[in-house]
Amino acid sequence: MMSADTITRRNWLQTTGLGLGACALATLQQREACAQETANPFQGIMPAPHLGAKAKRVIYLFMSGGPSQLDLFDHKPLLNARQGEDLPESVRKGQRLTGMTGNQATLPLAGSVFKFAKHGDSGATISELLPWTAKMADDLCFIKSLHTEAINHDPAITFFQTGAQLAGRPSMGAWLSYGLGSLNDNLPGFVVLLSKDRIDQPLYARLWGNGFLPSVHQGVQFRSGKDPVLYLGNPPGVSIESRRNLLDRLGQLQEISAETTGDPEIASRMAQYEMAFRMQTSVPEVMDLSGESESTFDLYGPEAKDPGTFAANCLLARRLAERDVRFIQLYHPGWDQHGNLPNAIRRQCQDVDRAAYALVTDLKQRGLLDDTLVVWGGEFGRTNYSQGKLTAIDYGRDHHPRCFTMWLTGGGIKPGMTFGSTDEFGYNLAENPVHVHDLQATLLHQLGIDHEKLTYKFQGRYYRLTDVHGRIVNEILA
């Protein structure tokens, strides 16, 4: 090795040339990316779908908190027959519990107080809590064998929404926007709606964030009330013409900055400014329900006239689907029933049952269900034993990630079927397990995306929504 005083200019160039070349290449690649983003940041990176797409858009009805599958869809008469008995160790098999029931002296089996019946030609088993859902049993595909890895809310919700338990990854809607782009130049490709008055647990904006993808792909929350999108309107005294002139001048300055720095995020910011300008007209139009017929309001129920309710959000979801918004995410919190479950879950079902039925029926009537994939479910299920005191009319259920139920419809999903099952105790999977990544891979497949090919390189490795595994559940595809 040469000492510092013997290094010549030739030696120095030889030893550092590769490093300088790499820096130059990185700069050129960054500027190429910037040029691509400038062309149309809202256009997806895929020139065409990987596969034949059955769906154009997704409406995801997320029941935040973990609905009890044992009180809604997965009827287990054995639990009623053995009410109050301790959960057998042969069933639990040493599996971990949360800190909320891990120290209970016993884990008393709790049957449901609600009645179940079979519905439709498919014979789907549905609780009396969901009479409207029962009416569309033959349109739905029930997956009763879902399982997840997280046992607490935040990592479990994050896992469903982003494919990872730790925060920081792009959400599913962001991945779709990145891959397929937007179908509407005047509305975001990814819109989020939260039910009002049901926030009993935090829902963070990162659940619909873009993570490490360009910021144009993050979800945009639409709110009820005077300002559906925060900071969208012009301040008092600022005219639409003045705003247009400001954006034009700002765009010129940003072009200079982009050429100088090669930062693609500059183009993303400008694209969002322009989208916000167009949304000043498009958002009030889509949020205005005054043109909807009385028969439509009769379908969705009286709450549809109350902005911010789940029913009103379902009606908005249909309007957004009509306008080709790619991913529409509805969150309805309040399903975390550790105690007082019979009363609490009854209220939750009253919120969502008729509205979900109306949404599916409305889409079907308008010819939109065929290419709209509707998903209903939470982040995990609930235990077959009671958390806290068990009585004949009252009980609670703890978190249960090992088996739970969701339903899907539309978008090339096979209707009128039930896939997978649990054991007679409703505690473990019995057949056809479906992991969270399997569900995500299947949803992407229906949109024409090979989940292994939609990737993004970040910090030296390629990431995808399903990360390192996931299979398509072909059995549920029409």
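The values are calculated or read from the model by the stated rules, or taken from the named source; none is laboratory data. Predicted, not measured: the structure shown is a model, and the values here were computed from it. Counting neighbours? That spans all protein chains shown, and the Cβs are built from the backbone with ideal geometry, glycine included.
Structure summary
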| read-out | value |
| --- | --- |
| Test set (1) surrounded by fewer than 24 Cβ atoms within 10 Å (Cβ to Cβ); (2) among the aliphatic types (A, V, I, L, M); (3) within 28 Å of PRO170 (Cα to Cα) - LEU289 fails condition number | (3) |
| Candidates VAL238, VAL192, filtered to the one that is in contact with a Gly (Cβ under 6 Å, 6 or more places away or on another chain), of a type in the set (A, V, I, L, M, F, W, C) and farther than 16 Å from GLN272 by Cα | VAL192 |
| Test: residue in segment 267-285 that is surrounded by 14 or more Cβ atoms within 10 Å (Cβ to Cβ), touching a Cys at 6+ places or on another chain (Cβ under 9 Å) and within 29 Å of THR162 (Cβ to Cβ) | yes |
| Test result for ALA150, crowded, with 18+ Cβ neighbours inside 10 Å, among the small types (Gly, Ala, Ser) and assigned to a helix (DSSP H, G or I) | no |
| Whichever residue in segment 179-207 is crowded, with 22+ Cβ neighbours inside 10 Å and hydroxyl-bearing (Ser, Thr, Tyr) and, among such residues, is modelled with the lowest pLDDT | SER182 |
| Scope segment 208-227; condition of a type in the set (Gly, Ala, Ser), closer than 27 Å to PRO307 by Cβ and either at pLDDT 95 or above or crowded, with 22+ Cβ neighbours inside 10 Å (or both); matching residues | GLY209, GLY219 |
| LEU408 at pLDDT 95 or above, surrounded by fewer than 24 Cβ atoms within 10 Å (Cβ to Cβ) and more than 25 Å from ASP197 (Cα to Cα) | no |
| The listed residue being within 29 Å of ARG354 (Cβ to Cβ) and out of contact with any strand residue (DSSP E or B) (no Cβ under 8 Å at 6 or more places or on another chain), out of LEU232, LEU187, LEU180, LEU140 | LEU187 |
| GLY460 free of Cβ contacts under 8 Å to residues at least 40 places away in the same chain, over 26 Å from ARG346 (Cβ atoms), out of contact with any Ser or Thr (no Cβ under 8 Å at 6 or more places or on another chain) and among the small types (Gly, Ala, Ser) | yes |
| Test: residue in segment 420-428 that is free of Cβ contacts under 8 Å to residues at least 60 places away in the same chain and either among the β-branched types (Val, Ile, Thr) or in contact with a Leu (Cβ under 8 Å, 6 or more places away or on another chain) (or both) | no |
| Enumeration of residues in segment 106-146 that are of a type in the set (A, V, I, L, M), more than 15 Å from HIS75 (Cα to Cα) and part of a strand (DSSP E or B) | LEU146 |
| Counted residues, segment 448-459 - those being at pLDDT 95 or above, in a loop (DSSP other than H, G, I, E, B) and out of contact with any strand residue (DSSP E or B) (no Cβ under 7 Å at 6 or more places or on another chain) | 7 |
| Failed item in (1) aromatic (Phe, Trp, Tyr); (2) part of a loop (DSSP other than H, G, I, E, B); (3) in contact with a Gly (Cβ under 7 Å, 6 or more places away or on another chain), with TYR178 passing the rest | (2) |
| Count of residues meeting criterion [closer than 17 Å to SER112 by Cβ, assigned to a strand (DSSP E or B) and in contact with a helix residue (DSSP H, G or I) (Cβ under 8 Å, 6 or more places away or on another chain)] in segment 388-409 | 3 |
